[in-house]
Structures are given as structure tokens and as C-alpha cells.
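Worksheet: the structure to be examined is printed underneath.
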Amino acid sequence: MKFRYKARDPHGLEIKGAMEAPDAKSAAAMLRDKKLLVISVSRELAEFNFGWGRVNPSEVTNFTRQLATMINAGLPITDALNLLRLQAGPALAPAVEQIMGDVQAGVSLSEAMSKHPKLFSKVYVALVKAGETAGVVETILTRLSDTLEKGRVFKGKVISAMIYPAIILIGMVAVMILMMVVVIPKLTEVYRQFDSQLPLATRIVVGVSDVFMHYWLLIAIGVFGAVGVMGGYMKTAAGRRWWDRLVYKFPVMGSLAKETMLTELTRTLALLVGSGVAIVEALNIVAGAVGNVIVEAEMRTIAKRVEKGFPLAVSFAEADSFPPIVGQMIAVGEETGKLDDVLAKLSTFFESESEQKVKNLTTALEPVILIVMALGVGFLMYAIIMPIYGITNKL
């Protein structure tokens with residue numbers, strides 16, 4: 001269970017924080033073991049997050065950069081955390097307060113941050129720990145904030161480029177549904193009153209509209225049921241493996257997703273290696289953060305091979321998820337002793353490739369979407385107007 005506590009250190013300074021313990025009595029005993037005078041210990045109530053209490057990634061980036069600046073200026077970590085707590089938003093402030101309390105109680109900064117995995121990833125914590133070991137926390141935090149900012153900007157570019165096509169597609173689907181459930185049924189009544197022979201295109205549209213009107217509940221149940229079943233399957237190990245193996249095989253989007261993954265993977269690995277994290281540990285950390293079980297398994301295999309003495313470049317070259325350039329460039333990095341620089345260049349290469357693919361994709365999608373829209377609107381207009389001409393001729 002998690003408990004919030006208030007205590008005083010031997011100098012009389014009040015400390016607040018959170019800790020894990022079996023019960024309140026054990027929590028108080030643990031605090032006394034740290035030579036703290038316990039003021040209060042209370043169980044922390046579960047927080048229900050409905051979306052508006054989430055921390056924006058840019059907040060974590062700003063927090064990291066500001067913490068690095070304050071430490072570099074000679075401010076003690078606890079004082080820096082206290083200032084950042086006062087400046088932080090309502091979602092981030094409680095976490096910063098707990099971290100500050102833990103640090104005041106003698107816990108290392110990396111360990112205090114590890115208690116908040118939703119805010120600070122394993123990569124983040126490992127880097128801070130490496131900085132603490134080497135005595136260069138402020139340098140690591142500065143590099144980390146730069147990397148977080150690059151990742152945020154890169155993801156923003158990809159998402160922004162896909163927003164326009166997504167809006168157009170959603171609009172097309174909405175207009176089609178509106179036509180089928182509102183416009184077409186009214187016109188169908190008019191056609192039936194004149195008992196005219198309808199063209200094939202009109203009969204198709206009317207038939208689809210009738211299906212929507214009479215079986216909409218079954219369609220909705222079918223769609224939501226399929227989504228629910230698929231969602232449940234995706235949460236299983238087999239479903240996750242199936243999707244993660246399939247996602248990189250999609251035409252166009254698959255290669256974009258893969259290069260986006262390679263950008264983040266090489267950037268993170270470069271940061272870990274450059275910060276002094278052992279290569280095997282860095283590989284395992286990246287494996288846990290990659291977000292694809294197939295790539296994760298290959299990364300852990302690479303880590304085991306490197307631990308046994310196999311060259312890193314050869315291990316990457318023999319993995320199916322990585323293009324030949326990765327193994328080739330890593331070989332250069334191993335030979336020159338500049339592995340982190342080579343990995344950073346690889347990340348820049350994959351990032352530029354991804355950005356170019358996004359530009360090409362959006363450039364190609366716009367005319368395709370317009371053509372599809374024109375054909376769809378043209379077909380609907382033909383199906384609606386042709387019977388009206390037939391009725392007019394009869395009159």
C-alpha cells in the first residue's frame with residue numbers, strides 16, 4: 001500500500017513524501033529507522049484520472065530542462081525541486097512534491113523518480129542514475145531534455161501531417177452516413193409515389209440506405225462487438241505478437257512506422273551509451289521501451305549475444321527487424337570508439353527519412369482523396385438526379 005507521510009529530520013526541517021509499506025505501522029517504523037520524527041502517516045487514496053489530470057510530455061521536458069539549469073547554477077536538488085513544485089501544473093506538482101520528500105528522506109533522485117513510471121520512463125530513470133554515479137546529473141538532464149524535445153517535435157510533425165487526411169476521411173464517412181439515413185430515404189418515398197423504374201445506381205444507393213435504416217442497430221452491435229473482440233485479443237500475448245509482426249508489413253504506413261521506431265530506438269540508445277550506461281544494460285532498457293514485442297525480443301537476444309562476447313554490429317546485422325545500414329554504421333562506431341556519435345547520426349538519418357516519407361505520403365494522399373471524393377459525390381449525384389429526370393419526362 002502507498003502512504004503519504006509528514007516528518008521532521010534531525011535538523012528540524014519538515015519533510016513530506018510518499019512511500020510503499022504493508023501498513024501504516026510499518027511505514028512509521030521505516031521512517032524512524034531513517035532517523036526521522038514522524039508527524040503523520042496516512043494511506044494515499046486512489047486517484048481517478050478521467051483524462052484532464054494527465055501530464056503533457058512538454059511539461060516533463062520543461063521540468064527536466066529547468067531542473068538541469070538550477071542544479072548547474074549550484075542550487076541544491078531539494079531546493080530546485082521545491083521551486084519546480086511551485087511552478088508545476090496541477091497534474092505534475094503532486095509528483096514533484098513526493099520526489100522532493102523522498103530526496104529529503106535520503107532517497108536518490110533516480111529512485112524517487114522511478115516511483116512515478118507514468119512520468120519518468122525506465123530510460124529516463126536509468127540516465128539519471130548514470131548521471132548520479134558519474135556526478136554529472138545536470139549534464140545528463142540537459143542532454144535528456146534536448147532528446148525529449150527532439151522526440152516531441154518529431155512525433156508532432158508526423159501527427160500534424162496525418163491530421164488533414166484523417167479529417168477528410170472522417171468528413172467523407174459522416175456525409176455518407178447522413179445521406180444514407182436522411183436524404184436518400186426522403187427521395188425514395190418520392191420515387192415510389194411515381195412508381196418509376198429506377199436506374200441500377202439508384203437501386204444500389206436505395207438498397208444500402210434501406211440496410212442502414214432497418215438494420216442500424218445490428219450494424220452498430222456488429223461494429224462495436226468486432227472492435228471489442230479485437231481489442232480483447234490485442235491485449236493477449238498472442239494478439240500483441242500478431243499485431244506487432246503485422247504493423248511493419250503494411251504498404252507505405254508500415255515502413256513509416258518502422259523508421260519512426262528506428263529513429264526513437266537509435267536516439268535513445270545513443271543517449272544511454274553516451275551517458276556511460278553499460279551497453280548490455282542500455283540494450284535491455286531500450287528493449288523495454290521500444291513498444292513492439294517482436295523488436296523487444298530481438299533486442300534482448302542482441303543483449304545476450306553481446307554479453308557472451310559477440311560484436312554488437314554482427315548481432316544487429318543478424319536481427320531481422322533492422323536494415324543493413326544499422327549493422328554497418330555500428331561496426332564503424334565500434335572501430336572508431338564513437339558508438340554514441342554514430343547512433344546519433346543513425347537517428348538523424350532515420351528521422352529525415354521518416355519526415356520525407358510523411359511529406360511524400362501527404363502529397364500523394366491529397367489528390368487521391370480528392371479523386372475518391374469526386375467519384376463518390378458524382379456517383380451519388382447520378383443516382384439521385386437520374387430518376388428525377390425520368391419523372392420529369394413522364395410529366
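Computed values, structure above
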| read-out | value |
| --- | --- |
| Residue in segment 374-389 that is farther than 17 Å from Val206 by Cα and modelled with pLDDT of 80 or more present | yes |
| Pick from segment 274-318, criterion without any contact (Cβ under 8 Å) to a residue 12 or more places away in the chain and within 24 Å of Phe120 (Cα to Cα), ranking: nearest to the chain's Cα centre (by Cα) | Glu296 |
| Residue in segment 84-104 that is at pLDDT below 90 and either at positive phi or of a type in the set (Ser, Thr, Tyr) (or both) present | no |
| Scope segment 8-28; condition surrounded by 13 or more Cβ atoms within 10 Å (Cβ to Cβ) and either in a loop (DSSP other than H, G, I, E, B) or over 37 Å from the mean Cα position of the chain (by Cα) (or both); matching residues | Arg8, Asp9, Ala21, Ser26, Ala28 |
| Residue identified as surrounded by 17 or more Cβ atoms within 10 Å (Cβ to Cβ), over 30 Å from Gln356 (Cα atoms) and out of contact with any strand residue (DSSP E or B) (no Cβ under 8 Å at 6 or more places or on another chain) among Met261, Met180, Met213 | Met180 |
| Filter result (in a helix (DSSP H, G or I), closer than 22 Å to Val55 by Cα and under 24 Å from the mean Cα position of the chain (by Cα)) within segment 100-139 | Ser110, Glu111, Ala112, Met113, Ser114, Lys122, Val123, Tyr124, Val125, Ala126, Leu127, Val128 |
| Yes/no for Glu298 being at pLDDT below 90 and over 28 Å from Thr133 (Cβ atoms) | no |
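The values are calculated or read from the model by the stated rules, or taken from the named source; none is laboratory data. None of the values given here were measured: they were computed from a predicted structure. Here the Cβ is made from the backbone with ideal geometry for all residues, glycine too, and neighbour counts use every protein chain on show.
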